[in-house]
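Notes for the one structure printed next.
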Amino acid sequence: MPKISPFLWFDKEALEAAEFYVSIFPNSRIVSVNRYPQDVPPPAGPGGSVSTVYFELDGQPHVALNGGPHFKFTEAISLSIDCDGQAEVDRYWDGLLAGGGTPSQCGWLKDRYGLSWQVTPRQLIELTTGPDKAVAGRVFAAMMTMSKIDVPTLEKAARGE
């Protein structure tokens, strides 16, 4: 089977971003840092500057490229984190917002590099996709009022409280 990996375009922050992400997720590491040749001017800095960074987040391969200021991240694509409970939601939410991230709504945020993330507890998915449509509706309505997802509030909504 082919391996599919996110390939993330940065202006000049590929290594900094990869180090930031690796610091947040367990089982993560920088695999390699590659540099532009000395005699070829790269789009993102002088020869010898970082071109690509191969890294893993919780074992999942990613690539970061310093490609210059030509392209920016948008909400059209995001990385989704499957969390188990409020403690994980809080840890990833706070970690990804550190240093200048921006919260959005319904569990979405942009980190300081402009990359969009969905910090999603499994409980949200379970409660909104279960067989009881009334429960799903109440939980969905509660989620629509949130920035960071609050699992205890979702569970109260599920009970009709």
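What number in nm² do you get for the chain if you take the convex hull of its Cα atoms and divide its surface by four? Kindly include the intermediate steps, with their values, before the conclusion.
On the way: hull surface 44.7 nm².
Projected area, direction-averaged: 11.2 nm².
About its Cα centre, what dipole magnitude does the chain give when the only charges are +1 on Lys and Arg Cβ and -1 on Asp and Glu Cβ, stated in debye to the nearest 20?
Working: 14 positive and 19 negative charges, 51 e Å.
Dipole of the chain, to the nearest 20 debye: 240 debye.
Given charges of +1 on the Cβ of Lys and Arg and -1 on the Cβ of Asp and Glu, with all other atoms neutral, how large is the dipole of the stretch 25-97 about its Cα centre, in debye to the nearest 20?
Numbers: 4 positive and 9 negative charges, 91 e Å.
I would put it at about 440 debye.
In what sequence do HIS70, HIS62 fall when counting other Cβ within 10 Å, fewest first? The partial results should precede the final answer.
On the way: HIS70 9, HIS62 20.
With the fewest neighbours first, HIS70, HIS62 line up as HIS70, HIS62.
In square nanometres and to one decimal, what's the mean projected area of the convex hull around the Cα atoms of the stretch 1-71? Working shown, then result.
On the way: hull surface 20.5 nm².
If you wrap the Cα atoms of the stretch 1-71 in a convex hull and average its projections, you get 5.1 nm².
Starting from 0.36 nm per residue, how many nanometres of slack lie between ASN27 and THR145 once their C-alpha separation is accounted for? Display every interim value, and only then the final one.
Details: separation 118, 0.36 × 118 = 42.48 nm, distance 3.29 nm.
Residue separation times 0.36 nm, minus the Cα-Cα distance, leaves 39.2 nm.
Mind checking which of GLY130, GLY45, GLY67 has the largest fluctuation in a GNM of the chain, springs on alpha carbons under 10 Å?
Among GLY130, GLY45, GLY67, the largest GNM mean-square fluctuation belongs to GLY130.
Normalise the Debye intensity by I(0) for the stretch 73-161, one equal point scatterer per Cα, no solvent, then take log10 at q = 0.15, 0.17, 0.19 Å⁻¹ and round to two decimals.
Once normalised to I(0) and log-transformed, intensities are -0.53, -0.67, -0.80.
May I ask for the longest run of the chain untouched by trypsin sites (Lys or Arg not before Pro) that are loop-located per DSSP and have at most 14 neighbouring C-beta atoms (other than their own) within 10 Å? Write out the running numbers ahead of the final one.
Values: sites that count: LYS3, LYS72.
Within the chain, the longest run free of exposed trypsin sites (Lys or Arg not before Pro) spans 73-161.
Read-outs: derived from the displayed coordinates by stated rules, not from any lab. Predicted model, so just to flag it, every value in this text is computed and none were measured. Cβ atoms come from the backbone with ideal geometry, glycine included; neighbour counts cover every protein chain shown.
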